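K.L.:
Structure in structure tokens, see below.
The values are calculated or read from the model by the stated rules, or taken from the named source; none is laboratory data. Just so you know, these numbers come straight off a predicted model, no measurement behind them. Using ideal geometry, Cβ is built from the backbone for each residue, glycine included, and neighbour counts are taken over all protein chains shown.
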Amino acid sequence: MLARTGGLRRQGVPRPDATRVLVVANQKGGVGKTTSTVNVAAGLAQLGQKVLVIDLDPQGNASTALGIEHHRGVPSTYDMLVEGAPLADVMTECTDLPGLWVVPATIDLAGAEIELVSVVAREQRLDRAITGHPLVGSATDVGDDRFDYVLVDCPPSLGLLTLNALVAGREMFIPIQAEYYALEGLGMLLETVEMVRQHLNPRLTISTILLTMYDARTRLAAGVADEVRGHFGDQVLKTAVPRSVRVSEAPSYGQTVMTYDPASAGALSYLEAAREIASKGAPA
């Protein structure tokens, strides 16, 4: 009940001075990217933050997990990116979690990459939509009604949709599965980030790395964790999310694990990860 009614807000964390835009990306599929997006977003909302999730994956899994309609005809990220609809017109508040808003993704988004090819400044569409929203900005400019966090859930590829997110974001949040293959794909992702930083968005910083599907019983998981921490240092959250059946079950009920089973190991880990992200603050 506490999770659903916002009772956790008593344990809240300080609000950032300005809206933090985090891009959740990893071109390798199955690393817990969408799961981490929705559960960290839900955790931040439970801790008293005002959060917006933008579903940029045509599969619409983040929309499903947050219980938001995303069939054809629903105002969505497609309308915002391709048709130029204002962000305020395509977002919906999550009924389960007060303070959490979602821009759903419909199947129309699958064709957006092709449709955007001929559009002027095609890689800046998302950035303009986010910065154009009246509740995105600093406490001084926007006031207490501002969004504290915008989390963008990217598709598992490095195409035009992900590029839009990397141009719009200030921070990058990378979930990494605690397995060897996850490390192989990381090199390509870092090269893309560096390219975006050089040519399109010099402010982009990798601020947060979260180890997911962590099995403390295996030496492999510990080895991957040590390697990631050795390379990225403080960017890696102290919290690692364990493998959890409850986390996997929750989306089939149109929920995050934070409301589906708030006492489970997965929910507690994601809540702690959200607290860490908020406590660390935005990069300088």
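K.L.:
Taking the conditions exactly as written (of a type in the set (S, T, N, Q) and within 21 Å of residue 25 (Cα to Cα)), does residue 76 satisfy them or not?
P.N.:
yes
K.L.:
Looking at the stretch 187-209 only, could you name the residues that are in a helix (DSSP H, G or I) and small (Gly, Ala, Ser)?
P.N.:
If the condition is that a residue be in a helix (DSSP H, G or I) and small (Gly, Ala, Ser), then 187 is the only one that fits.
K.L.:
Of the numbered conditions (1) among the small types (Gly, Ala, Ser); (2) modelled with pLDDT of 75 or more; (3) over 17 Å from the mean Cα position of the chain (by Cα), residue 7 fails exactly one; give the number of that condition.
P.N.:
(2)
K.L.:
Next up: Against the definition (small (Gly, Ala, Ser) and either in contact (Cβ under 8 Å) with a residue 24 or more places away in the chain or within 30 Å of residue 243 (Cα to Cα) (or both)), how does residue 143 come out, yes or no?
P.N.:
Answer is no for this residue.
K.L.:
Looking at the stretch 163-174, I want the residues that are hydroxyl-bearing (Ser, Thr, Tyr) and part of a helix (DSSP H, G or I) and have a partner that is surrounded by 22 or more Cβ atoms within 10 Å (Cβ to Cβ) and modelled with pLDDT of 95 or more with Cβ atoms under 8 Å, at least 6 apart or on another chain. Which pairs are those?
P.N.:
Note: no pairs meet the criteria.
K.L.:
In the stretch 127-154, which residue that is of a type in the set (D, E, K, R) and in a helix (DSSP H, G or I) is nearest to residue 206 (Cα to Cα)?
P.N.:
127
K.L.:
So which residues in the stretch 13-35 are farther than 15 Å from residue 278 by Cβ and small (Gly, Ala, Ser)?
P.N.:
25, 29, 30, 32
K.L.:
Right, something else. I want to confirm something. Restricting to the stretch 183-214 and keeping residues that are more than 23 Å from residue 276 (Cα to Cα) and small (Gly, Ala, Ser), which single residue is surrounded by the fewest Cβ atoms within 10 Å (Cβ to Cβ)?
P.N.:
Among those that are more than 23 Å from residue 276 (Cα to Cα) and small (Gly, Ala, Ser), it is 187.
K.L.:
Pairs needed: first member in the stretch 227-245, surrounded by 12 or more Cβ atoms within 10 Å (Cβ to Cβ); second member anywhere, in a helix (DSSP H, G or I) and of a type in the set (Val, Ile, Thr); C-beta distance under 6 Å; at least 6 residues apart or different chains.
P.N.:
Close Cβ pairs (under 6 Å, with a partner that is in a helix (DSSP H, G or I) and of a type in the set (Val, Ile, Thr)) amount to 236/228.
K.L.:
Of the residues that make up the stretch 111-128, is at least one within 27 Å of residue 16 (Cβ to Cβ) and among the hydrophobic types (A, V, I, L, M, F, W, C)?
P.N.:
Within the stretch 111-128, one or more residues are within 27 Å of residue 16 (Cβ to Cβ) and among the hydrophobic types (A, V, I, L, M, F, W, C).
K.L.:
Which of the residues belonging to the stretch 246-264 are over 14 Å from residue 32 (Cβ atoms) and not charged (D, E, K, R)?
P.N.:
Those that are over 14 Å from residue 32 (Cβ atoms) and not charged (D, E, K, R): 252, 253, 254, 255, 258, 259, 260, 262, 263, 264.
K.L.:
Under 14 Å from the mean Cα position of the chain (by Cα) and more than 21 Å from residue 80 (Cβ to Cβ): which single residue out of 155, 104, 175 fits that description?
P.N.:
After ruling out the rest, the residue left standing is 175.
K.L.:
Only one of (1) of a type in the set (D, E, K, R); (2) touching a Gly at 6+ places or on another chain (Cβ under 8 Å); (3) within 24 Å of residue 120 (Cα to Cα) is not met by residue 146, so which one is it?
P.N.:
(3)
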